[in-house]
Every structure is written in C-alpha cells, then in structure tokens.
1. Treating the angle as unsigned and between 0 and 90°, give the value, to the nearest 10°, between the Cα long axis of helix 150-159 and the longest Cα principal axis of the chain.
2. Within the set of other residues whose C-beta is less than 9 Å from the C-beta of PRO173, count the net charge using Lys and Arg as +1 and Asp and Glu as -1.
3. Say we join alpha carbon atoms closer than 10 Å with springs in a Gaussian network model of the chain; which of GLU150, GLU163, GLU171 then has the biggest fluctuation?
4. Could you state the principal axis extents of the C-alpha atoms in the chain, from the largest down, to the nearest angstrom?
5. Spin-label point model (7 Å from Cα, Cβ direction): what's the ARG48 to VAL206 distance in nm?
6. Compute the relative contact order of the range 3-123 as a whole-number percentage, counting only Cα pairs closer than 8 Å that sit 6 or more residues apart in sequence.
7. On full extension of the chain, what length is gained from ASN154 through LYS37, given 0.36 nm per residue of separation minus the C-alpha to C-alpha distance?
8. Below 9 angstrom from the Cβ of GLY232, what's the summed charge of the other residues (Lys, Arg +1; Asp, Glu -1)?
Amino acid sequence: MTPAKIRRMNKEGILYIVATPIGNLEDITFRAVRVLKEADIIAAEDTRHTQKLLNHYGIKTPVTSYFEHNKAAKGDFLAGRLKEGKDVALVSDAGTPGISDPGHDLIKGAIEAGIRVVPIPGPSAAITALSVSGLPSDIFAFEGFLPAKEKARNERLETLRGEQRTLIFYESPQRLLSTLKDIRDIIGDRNIAVLRELTKIHEEAVRGRVSDILEALKNRAIKGEVVIILEGFQGKEFKGSIIDELEMAVKSGLERGYRGSG
Ligand code: SAM
C-alpha cells in the first residue's frame, strides 16, 4: 500500500522508521527513498549528516533534528505534527533508528498516542556483521555498547560468561583492544569476529580466537566503526572457580533438556 493510500484511512499522520545506509549510499531501499521524498518532515539525528544522503537522492523534504539531548522537546513537536496529519520519517545517522540510536521514546510515545508506526526496513550494523562473521547466527543476543566505566563493563561481561547465544557488541575503535582483553580475561579465549568499516572502502573482517585478534591488531591504529561478534559459551574455556564451573555445567545441561536418570 502506498503512503497516500494508508493516509486516506487515518486522519493522523504516520511515523515511518526508516533505515538508512551504514556506509555505502547504495544500501537503501527504493521504498525508503520514496517515503523520505513523500514524508512531510524528516526527523534526523544529525541534519548535516542526513543532508548528504538526501542530496544524493534528490530528496527535498524539510529536515529537523531529533537527537538524545532535544528528544523531549522535539518529541512533543513531532507528536504535534503527527496529530495534525503530517507524516514524519525518522532516520538516524546510520542503520536502523532506535537500535543503539535515538528513536525509542518517539516510537513509544506515538504508539501510546494511537499513531501508526510503520517500519521501512534496511541495514543495521549488528545483523550485517553477524551475517559475515562465520559464527552461529541461528540464535544470538544483541548487547549494543558495553558500559564505558570499567567496573560496570566488567560486571556486564561477568554476567555474559555462560551465555550460549552468539553475542553482538558495538564498540568504539579507541576501546576495541581493551574490550578484547577484557573479553579474553573475563569470558575466555573464544572464537570471535571483528568487523570494521562494513560496506565502506576500508571494510575489514578479522576472525579467530580473541588472543589471535589481539596479536594481529596490537601494533595498529584502529580507525572507523566496529562490531564484535563473539561465540557463545560452548561448555569449555570457562574461567571461574570449580564451584562456578559446576554450576555453569549444571545450568547448561538443564538448558539443553538434561533431566538426569530419575
Ligand atoms: N542504528 C545503527 C544500526 O542499526 O546499526 C547503530 C548506531 S550505533 C550509534 C553506531 C555503532 O554501530 C558504531 O559504533 C559501530 O559499532 C556500529 N556501526 C555502524 N556502522 C558501522 C559500519 N559501517 N561498520 C561497522 N560497524 C558499524
């Protein structure tokens, strides 16, 4: 159904959640380009950044900012426009809005106000990275960014030691090496993939054990954007006390459906 047809059924506008490229400008759907052209307003995390994409596709729709520090006031403004029947297209700097990006509050508020929220799917760095990681992708958990403070970060990693699902982390290039060391020391020397600058000129995939990757990257300046894909707990390499190990083995057995002989 076209946006115009959907609009005829609603007197209120529609909030479109539009995924945009994570690097290569060609990674956008025909539908996303059309919705961005036809919307009344584009709400963008960074208007200057989004303007480059809009210029590339000849999109002239007015753009307003919607980011972490103006989201309360701007959310009210956008809700007002939606109530008046205007269509709003939300975009972030890259990938899917709301995924480690602003959007959640606006989406939640729109749903509560009875406004229709329509996804325009496209790239997300998490799924893009997982798809080429070579690690199990049938069941996984998205962790987003680890906490920046060491204590909170280590505590988070501790809670993930027994996680059997493949784990996806976003990370800054400056913190990549220290995060890899923390993963090796707290979680273990597992299989991992580091995907850098996906869909861009300097796209790179490094795969191996955490210690191999640390060795490979140790004397390099790491630049650009990075996703870490970490193998889940496989019942080995666990580094806790013997009691922790027993607990983990029992938990893992129960999760796999082992019920004992009785
Ligand atoms: N909403 C976005 C999405 O759906 O992917 C994520 C936004 S989050 C603020 C930005 C993080 O995503 C970066 O720090 C990096 O971890 C990851 N990322 C975004 N683009 C990337 C790319 N081209 N290559 C690797 N990682 C990327």
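1. Between the helix axis and the principal axis of the chain, the angle is about 70 degrees.
2. +1
3. Largest GNM mean-square fluctuation: GLU150.
4. So the three principal-axis extents are 64, 52, 32 Å.
5. 3.1
6. 44
7. The span from ASN154 to LYS37 would gain 37.6 nm if fully extended.
8. Taking every other residue near GLY232 into account, the sum is 0.
Read the figures in this text as sums done on the coordinates, not as results from a lab. Small disclaimer: the values here were computed from a predicted structure and weren't measured. Every residue, glycine as well, gets a Cβ built from its backbone with ideal geometry; the counts of neighbours run over all protein chains shown.
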